[in-house]
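Input: a single structure, listed below in structure tokens.
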Amino acid sequence: MNLAQLLTDSAARRPERPAVRLDDVTLTYAQLDAASARFAGLLAQRGAQPGDRVAIMLPNVPHFAVCYYGALRAGAIVVPMNVLLRRREIAYYLADSGAGLLFAWQDFTPEALAGAKDAGAECVTVTPGGLEELLAGSQPSAELRRGDEDTAVLLYTSGTTGQPKGAELTHTNLSRNARAAASLFAIGEDAVTLGALPLFHSFGQTCGMNATLGAGGMLTLLPRFDPGRALEVIQRDRVNVFLGVPTMYAAMLHHPERERFDVSTLRHCGSGGAAMPVALLREFDRVFGCKVLEGYGLSETSPVASFNHADRERKPGSIGTPIEGVQMRIVGEDGRELPPGEVGEIVIRGYNVMKGYWRRPQETAEAIDADGWFHSGDLGRVDQDGYFYVVDRKKDMIIRGGYNVYPREIEEVLHEHPAVREAAVVGIPDPELGEEVGAAVVLEPGASVTAQELSEHVRAQLAAYKYPRRVWFVQELPKGPTGKILKREIHPPTER
């Protein structure tokens with residue numbers, strides 16, 4: 001089983017039906033299948049071999065599906081990259097994965113070209129109208145190379161410490177999880193799914209693109225989320241499946257012109273990426289007439305591990321029950337399973353758990369124990385009915401508008417500034433984004449720098465959603481007896 005079979009099988013059943021749409025551009029299943037076969041041929045002409053890593057840095061455009069499935073057909077390993085990454089981040093992803101080719105959207109090529117150069121990789125620019133130009137001269141490759149337990153995708157995640165690491169997700173991991181997602185949200189051949197979640201992210205990739213195209217439905221794309229545009233596309237394309245993070249639901253619910261859009265076709269909605277406030281969930285249910293199901297997963301679990309189910313009781317505030325083929329437990333520090341109601345670490349076992357971290361055997365062994373349980377690092381509890389609840393997220397990690405922000409990465413950039421002696425990055429509660437990024441900074445003696453200058457220093461080095469919007473200066477950071485910084489005691493000064 002090659003993950004690209006999700007597309008090829010649907011194309012065989014429904015060649016002339018629309019597969020992917022972006023405004024006035026629609027690719028049928030036959031067109032998408034043919035384009036992905038030509039992309040596989042393009043890679044072969046460039047000397048790519050099965051197992052080679054191919055990076056794609058594209059927004060939600062039809063080209064993403066072409067490159068993604070084409071690379072998989074060629075037996076390559078796809079390395080999806082956030083389009084907001086900057087030069088140093090791009091260079092790291094390429095060098096760590098060993099990707100020799102990067103296909104980047106034209107709007108982001110200055111950073112992509114520079115990062116690729118630093119990593120010794122080739123960057124190919126992809127333009128909005130340039131799909132035929134990209135594939136010109138390439139011969140289609142119909143053969144599906146590699147599958148099953150071979151690695152299909154490297155999804156980079158850094159957990160809570162250290163540099164980002166690639167979670168090796170196999171063809172089986174992803175194809176089975178996509179089918180599970182299709183079942184969860186009743187995605188069938190009549191589905192019209194709004195692709196508002198970034199396709200480079202595991203949620204949008206598995207539950208949006210792979211689930212919909214595997215079922216033979218249509219994926220209608222939104223390159224950048226805007227609540228007004230989302231409501232417009234729901235009305236225009238009669239969208240019946242919407243998947244998003246809580247901030248997306250809040251933005252659509254509170255849009256000033258919401259009532260002028262017909263959203264009556266919405267049938268199934270799923271939320272993940274961050275905890276959804278119960279009040280928001282219930283209000284969205286009431287206003288949109290569509291029950292929102294909340295669930296849980298991680299990049300390392302393909303990503304879906306548990307969800308509330310449409311045909312069972314939904315418990316607001318819960319992440320539901322494990323999906324079919326997946327086990328979850330709450331364990332104490334000694335690894336023993338805890339009884340209902342007690343708080344411990346969420347561990348997961350099943351077909352969806354990654355093969356491991358790319359070329360990091362020690363970190364793989366720390367994450368997946370000898371019995372195959374993946375240790376999430378998240379604290380949770382389970383009730384008497386088997387419904388799970390997340391009590392706290394991975395220690396120190398910040399979730400800003402559904403994006404994972406890892407403090408250490410930002411702290412390292414802050415420490416590169418000559419005026420900075422120490423820095424600690426923490427999450428600050430935010431009513432719209434869930435959390436905002438803040439930084440407490442201790443300056444070198446005699447040094448002078450403004451908060452704005454430090455914020456801009458980070459902004460120049462990292463993706464736009466990562467840089468700290470609030471920076472404040474302190475004489476010293478709170479520390480424990482071992483010298484470890486106590487982030488739980490760090491709070492921004494009250495704004496006047």
By residue number, the members of the stretch 277-322 that are among the β-branched types (V, I, T) and either surrounded by 15 or more Cβ atoms within 10 Å (Cβ to Cβ) or in a strand (DSSP E or B) (or both) are V292, T301, V304, I319, T321
Restricting to the stretch 368-402, what's the tally of residues that are modelled with pLDDT under 95 and at positive phi?
4
Options A34, A11, A44; residue that is free of Cβ contacts under 8 Å to residues at least 40 places away in the same chain and assigned to a helix (DSSP H, G or I)
A11
Taking the stretch 48-93 and the residues there that are part of a loop (DSSP other than H, G, I, E, B), under 15 Å from A104 (Cα atoms) and touching a Gly at 6+ places or on another chain (Cβ under 9 Å), the one that is most open to solvent (accessible area, probe 1.4 Å) would be R86
Looking only at the stretch 338-366, filter to residues that are among the small types (G, A, S) and modelled with pLDDT of 95 or more; which one of those is nearest to S299 (Cα to Cα)?
G356
Examine the stretch 323-343 for a residue that is under 25 Å from the mean Cα position of the chain (by Cα), farther than 30 Å from K165 by Cα and in a loop (DSSP other than H, G, I, E, B), and state whether such a residue exists.
no
Selection from the stretch 94-105 of residues that are open to solvent by 10 Å² or more (accessible area, probe 1.4 Å), among the aliphatic types (A, V, I, L, M) and not in a helix (DSSP H, G or I):
L101
For the condition touching a Pro at 6+ places or on another chain (Cβ under 6 Å) and either open to solvent by 70 Å² or more (accessible area, probe 1.4 Å) or closer than 18 Å to P492 by Cα (or both), what is the one hit in V437, V420, V441?
V437
What tally of residues in the stretch 218-253 results from selecting those that are open to solvent by 30 Å² or more (accessible area, probe 1.4 Å) and assigned to a loop (DSSP other than H, G, I, E, B)?
5
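Okay, residues lined up against (1) among the basic types (K, R); (2) in a helix (DSSP H, G or I); (3) under 25 Å from D392 (Cα atoms):
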{"position": "E435", "(1), (2), (3)": "no, no, yes"}
{"position": "V442", "(1), (2), (3)": "no, no, no"}
{"position": "L454", "(1), (2), (3)": "no, yes, no"}
{"position": "A464", "(1), (2), (3)": "no, no, no"}
Does Q461 qualify as being open to solvent by 30 Å² or more (accessible area, probe 1.4 Å) and out of contact with any helix residue (DSSP H, G or I) (no Cβ under 8 Å at 6 or more places or on another chain)?
no
Tell me whether the stretch 94-104 contains one or more residues that are of a type in the set (S, T, N, Q), without any contact (Cβ under 8 Å) to a residue 24 or more places away in the chain and in contact with a strand residue (DSSP E or B) (Cβ under 8 Å, 6 or more places away or on another chain).
no
Quick check: anything in the stretch 173-196 open to solvent by 20 Å² or more (accessible area, probe 1.4 Å), touching a strand residue (DSSP E or B) at 6+ places or on another chain (Cβ under 9 Å) and farther than 22 Å from L293 by Cβ?
no
Members of the stretch 355-395 that are in contact with a helix residue (DSSP H, G or I) (Cβ under 9 Å, 6 or more places away or on another chain), within 21 Å of V343 (Cα to Cα), open to solvent by less than 70 Å² (accessible area, probe 1.4 Å) and touching a residue at least 24 places away in the same chain (Cβ under 8 Å):
A367, F374, H375, S376, G377
State yes or no: is V413 open to solvent by less than 10 Å² (accessible area, probe 1.4 Å) and at pLDDT below 95?
yes
Residue under question is P256, and the condition is that it be over 15 Å from A182 (Cα atoms) and open to solvent by 20 Å² or more (accessible area, probe 1.4 Å); does it hold?
yes
Quick check on the stretch 212-256: of everything there that is free of Cβ contacts under 8 Å to residues at least 60 places away in the same chain and in contact with a Gly (Cβ under 7 Å, 6 or more places away or on another chain), which residue is nearest to L199 (Cα to Cα)?
L243
Of the residues in the stretch 12-33, those that are under 27 Å from the mean Cα position of the chain (by Cα), open to solvent by 10 Å² or more (accessible area, probe 1.4 Å) and among the hydrophobic types (A, V, I, L, M, F, W, C) come to L22, V25, L27
Can you say whether L197 is in a loop (DSSP other than H, G, I, E, B), of a type outside the set (K, R) and touching a residue at least 40 places away in the same chain (Cβ under 8 Å), as far as the supplied structure shows?
yes
Would you call Y156 of a type in the set (F, W, Y) and either in a helix (DSSP H, G or I) or open to solvent by 40 Å² or more (accessible area, probe 1.4 Å) (or both)?
no
Taking the stretch 357-406 and keeping only residues that are part of a loop (DSSP other than H, G, I, E, B), among the small types (G, A, S) and within 21 Å of the chain's Cα centre (by Cα), one is left with G401, G402
Cβ-Cβ under 7 Å pairs, at least 6 apart or on other chains, the stretch 433-453 side of a type in the set (D, E, K, R), far side open to solvent by 40 Å² or more (accessible area, probe 1.4 Å) and at pLDDT below 95:
E435/P429; E436/D430; E444/R421
Hey, does the stretch 130-143 have a residue that's within 26 Å of Q362 (Cβ to Cβ) and either at pLDDT 95 or above or part of a helix (DSSP H, G or I) (or both)?
no
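The values are calculated or read from the model by the stated rules, or taken from the named source; none is laboratory data. Note that the structure is a prediction, hence the values are computed from the model and not measured. Note that each Cβ is placed from the backbone with ideal geometry, even for glycine, and that neighbours are counted across all protein chains shown. SASA here: full protein model, heavy atoms, side chains in, ligands and nucleic acids out. Shrake-Rupley method; radii C 1.70, N 1.55, O 1.52, S 1.80 Å.
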